[in-house]
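Reading through the structure tokens given below for one structure.
The values are calculated or read from the model by the stated rules, or taken from the named source; none is laboratory data. Bear in mind the structure is a predicted one, so any value in this text is a computation, not a measurement. Neighbour counts are summed over all protein chains in view; Cβ atoms, including those assigned to glycine, are modelled from backbone coordinates with ideal geometry.
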Amino acid sequence: MRIPMDSRILHDLSDHYDSFYLYDEKTILQRIQALREAFPEVEFLYSVKSNPHPEVLKTMLSHGFGTDAASLGEVLAASRCYEAIGDHEMPDRDRIFYSAPGKSRKDLLGAWQCAAIIADSPGEIRRIEEIAAEMDKKISIGVRINPAYTIGGTAGTGAPAKFGIDEEQFFSILESSGHPHLRINGIHVHLRSQMLNTALLINYHNYLFDMADRIEAAIGAPLDYINLGSGIGIPFTEQDREVDLSVLSGALKEHLRRRKENGKADTRIMIESGRYAPGKSGWYVTKVMDRKISRGKTFIVLNSTMNGFVRPSLVEMVRHLTDDPAPAAWEPFFTGLDTFQFLALRSGDEEVIPAGASEDGETVDLVGSLCTGVDVIASDIRMPHLEPGDLVIITNAGAYAAVMSPMQFASMEKPAQIFLAEDGTIRS
């Protein structure tokens, strides 16, 4: 395991911060390029909730990504970002897609001029219809659908879900005439995140395109857009393998070819991406504050663990709660037992040493400084000998990391979030 930057950068930053995230733009750009090369005919939407750091958001949107927004705040942040980078290529309503359950009237009124609103329930469709009637306007909306399909299952095996309108219920809505001020012009589906099985993704896409054909037959016109959702995961462990983008793209191209033959070439095909580009770009770095031995066990006390980067602590909690060697994922909080790798950078050293790779290693517990016994990120882990001032580095911290961590707990100082630009400059 290597880090993609000079270790002196970490030493320099640790002179100013006891804990910090470091996001590497080069890694983000490499991942963006991989998607672009594999799917030249597909539009990508960045899921802002995965990492809304302004520099990360700017990098994603300035390289052609649209926006998957999960709140009015994310809608407005994306709109401001497009304005700041001077991107006026298309209206925001054509590239910001607001999809979330439980939108308030305030949310809907605040977003409708600068985002495509994706209705999440029959009740929300009625509320949007009421707003459109008050304005005496015809409004185009998308709809999130909960398909009659499960990943790895078969058609007709859909599960209950808090997200979207059940597929069979949606067709009943299309048959009604209860929304004269609305035009349903797009669909959005998302069933699972962090998928590495290419065949499962292909089968999922196959079903969605078939469903889109049936919806288009019901409305009598091609959809303006089909959002296939996310699902393309990243490798967290050395055993994980990347999704085969070329194979997935090849299957997708067949659907695009068929749609073109059927006069549906103008439909925009979209894929959401949250962790794929920034996930591997992030590193969480926290300083050793103390070491102590209690009844034969060595504890390395770190500056900020559970409150700074909660997900490694959740892995430890799962280990204590089950003996299952492969417990089911609960995304995005829990991906697996070996989701994160730990490295050490000792004061004065240039070499970053992975856990288990040091000749002077010792078995320790890595714990945080919070006044709670659950503030543990690794138990009985083999680490190099560590002293106060040394650094512990955690991988895979670029997405669903800082944004999900309980940083207000105990009124501790929040970790800094640092952006290492492609040209080597440091931005906060």
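So, of the residues in region 338-356 that are in contact (Cβ under 8 Å) with a residue 12 or more places away in the chain and surrounded by fewer than 16 Cβ atoms within 10 Å (Cβ to Cβ), which turns out to be farthest from residue 384 (Cα to Cα)?
Step one: list which residues in region 338-356 are in contact (Cβ under 8 Å) with a residue 12 or more places away in the chain, which gives 338-347, 349-356.
Among the residues that remain, those that are also surrounded by fewer than 16 Cβ atoms within 10 Å (Cβ to Cβ) are: 338, 347, 349-351, 356.
Details: 338: 19, 347: 12, 349: 12, 350: 14, 351: 12, 356: 8 Å.
Ranking the qualifying residues of region 338-356, first place goes to 338.
Can you name the strands (runs of 3 or more DSSP E) wholly within region 374-428 that have at least 2 residues being over 16 Å from residue 287 (Cβ atoms)? Spell out the reasoning first.
On the way: elements: 376-383, 391-394, 416-420.
Passing ranges, in order: 376-383, 416-420.
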Practice item. Those residues that are surrounded by 24 or more Cβ atoms within 10 Å (Cβ to Cβ) and more than 11 Å from the chain's Cα centre (by Cα), I need them from region 398-410; list them, please. Key: 402
Practice item. Report yes if residue 126 is without any contact (Cβ under 8 Å) to a residue 40 or more places away in the chain, among the charged types (D, E, K, R) and assigned to a helix (DSSP H, G or I), otherwise no. Key: no
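Do we have residue 369 as polar (S, T, N, Q) and part of a loop (DSSP other than H, G, I, E, B) here? Let's see the steps before the verdict.
Details: polar (S, T, N, Q): yes; part of a loop (DSSP other than H, G, I, E, B): yes.
Taking the combined requirement at face value, the residue satisfies it.
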Check your understanding: Does residue 137 meet the test of being farther than 30 Å from residue 59 by Cα and assigned to a loop (DSSP other than H, G, I, E, B)?
Key -> yes
Review point. Can you name the condition, by its number, that residue 308 falls short on among (1) over 20 Å from the mean Cα position of the chain (by Cα); (2) in contact (Cβ under 8 Å) with a residue 12 or more places away in the chain?
Key: (1)
Exercise for review: Search region 46-68 for residues being under 19 Å from residue 33 (Cβ atoms) and among the hydrophobic types (A, V, I, L, M, F, W, C), and hand back the single one that is surrounded by the most Cβ atoms within 10 Å (Cβ to Cβ).
Suggested key: 60
Check your understanding: (1) farther than 19 Å from residue 102 by Cα; (2) in contact (Cβ under 8 Å) with a residue 24 or more places away in the chain: which one isn't true of residue 177, the others all being true?
Key -> (2)
Revision key, fill the gap. Residue set 7, 47; condition polar (S, T, N, Q), at pLDDT 95 or above and either touching a strand residue (DSSP E or B) at 6+ places or on another chain (Cβ under 9 Å) or not assigned by TED's automatic domain parsing to the domain that holds residue 243 (or both); output residue 47
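Please indicate, with yes or no, whether at least one residue in region 176-197 is in a helix (DSSP H, G or I) and either outside the structural domain of residue 332 (by TED's automatic domain parsing) or within 25 Å of residue 330 (Cα to Cα) (or both). Let's see the steps before the verdict.
As a first pass, look at region 176-197 and keep what is in a helix (DSSP H, G or I): none.
No; the residues of region 176-197 include none that is in a helix (DSSP H, G or I) and either outside the structural domain of residue 332 (by TED's automatic domain parsing) or within 25 Å of residue 330 (Cα to Cα) (or both).
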Review point. Do we find a residue being more than 23 Å from residue 94 (Cβ to Cβ), at pLDDT 95 or above and among the acidic types (Asp, Glu) anywhere in region 123-135?
Key: yes
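Answer with yes or no whether residue 352 is closer than 30 Å to residue 20 by Cβ and touching a Lys or Arg at 6+ places or on another chain (Cβ under 8 Å). Give the steps one after another, and end with the answer.
Working: closer than 30 Å to residue 20 by Cβ: yes; touching a Lys or Arg at 6+ places or on another chain (Cβ under 8 Å): yes.
Judged against the criteria, residue 352 is a match.
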